[in-house]
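Written out below as structure tokens is the structure these notes cover.
The values are calculated or read from the model by the stated rules, or taken from the named source; none is laboratory data. The structure displayed is predicted, hence computed values, not measured ones. FYI the Cβ positions are ideal-geometry reconstructions off the backbone, even for glycines, and counts take in every protein chain you see.
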Amino acid sequence: MMPLVEPLIPSLRRYARSMIRDPEAADDLVQDCLERVISRWHQRRVDGNPRAWVFTILHNLAMNQLKRSARRGTHVGIEDTDESVLAVPGSQEDHLQLHRVLGLLATLPEDQRSVLLLVSVEALSYSETADVLGVPLGTVMSRLSRARHRLHAMMETGMPGRGHNAGHLRRVK
């Protein structure tokens, strides 16, 4: 079991961090996922893909956590916040571009963002992604296409949720 699961840990952490956007909470999520994998290893489909099964567990845990936090909201006391969190990010262009892309990625609908991350970042096949999300293969391809198109359009205009011409003003008389 462990030789199959251990190499997945960096990918699980990366996927959890991109979904949760809090490194500590993401690490806790991966820990919960690994506990479930170990305790339920006997329940997996023997002929199935263990990688997809593990990512399915992580995805479902992440969705539950996101729903829970959306209901509760987050509370952070200003006295508990590290000063480095409040600091202004560096001015390096690559760093700014990365934050811009991550910000635009965060504006994508959850279903599109999940597919885009699993296929593009975690290199899961369309079939594996369909298994993880519990949707048909055609839905994965459709969501991926819409996510890529939407992200590309937002990158061109610099405006979340807008099309190609959204950055242009029109004259009204």
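Observations
- Residue selection: Ala70 satisfies the criterion of being exposed (fewer than 15 other Cβ atoms within 10 Å of the Cβ), within 24 Å of Leu108 (Cβ to Cβ) and small (Gly, Ala, Ser).
- The sole residue among Leu66, Leu12 that is among the hydrophobic types (A, V, I, L, M, F, W, C), within 15 Å of Glu122 (Cβ to Cβ) and in contact (Cβ under 8 Å) with a residue 40 or more places away in the chain is Leu12.
- Subset of segment 32-47 (residues that are surrounded by 11 or more Cβ atoms within 10 Å (Cβ to Cβ) and either without any contact (Cβ under 8 Å) to a residue 40 or more places away in the chain or in contact with an Asp or Glu (Cβ under 8 Å, 6 or more places away or on another chain) (or both)): Asp32, Cys33, Leu34, Glu35, Arg36, Val37, Ile38, Arg40, Arg44
- Looking only at segment 127-158, residues that are loosely packed, with under 15 Cβ neighbours inside 10 Å and not small (Gly, Ala, Ser) come to 6 in all.
- Residues in segment 143-169 that are on the phi < 0 side of the Ramachandran plot and modelled with pLDDT under 55: Arg162, Gly163, His164, Asn165, Ala166, Gly167, His168, Leu169.
- Within this structure, Ser18 passes the test of being of a type in the set (S, T, N, Q), in contact (Cβ under 8 Å) with a residue 12 or more places away in the chain and part of a helix (DSSP H, G or I).
- Of Ala62, Ala52, Ala106, Ala123, all but one fail to be modelled with pLDDT of 85 or more and in a loop (DSSP other than H, G, I, E, B); the exception is Ala123.
- The residue that is nearest to Leu105 (Cα to Cα), counting only those in segment 21-30 that are without any contact (Cβ under 8 Å) to a residue 12 or more places away in the chain and surrounded by 13 or more Cβ atoms within 10 Å (Cβ to Cβ), is Asp22.
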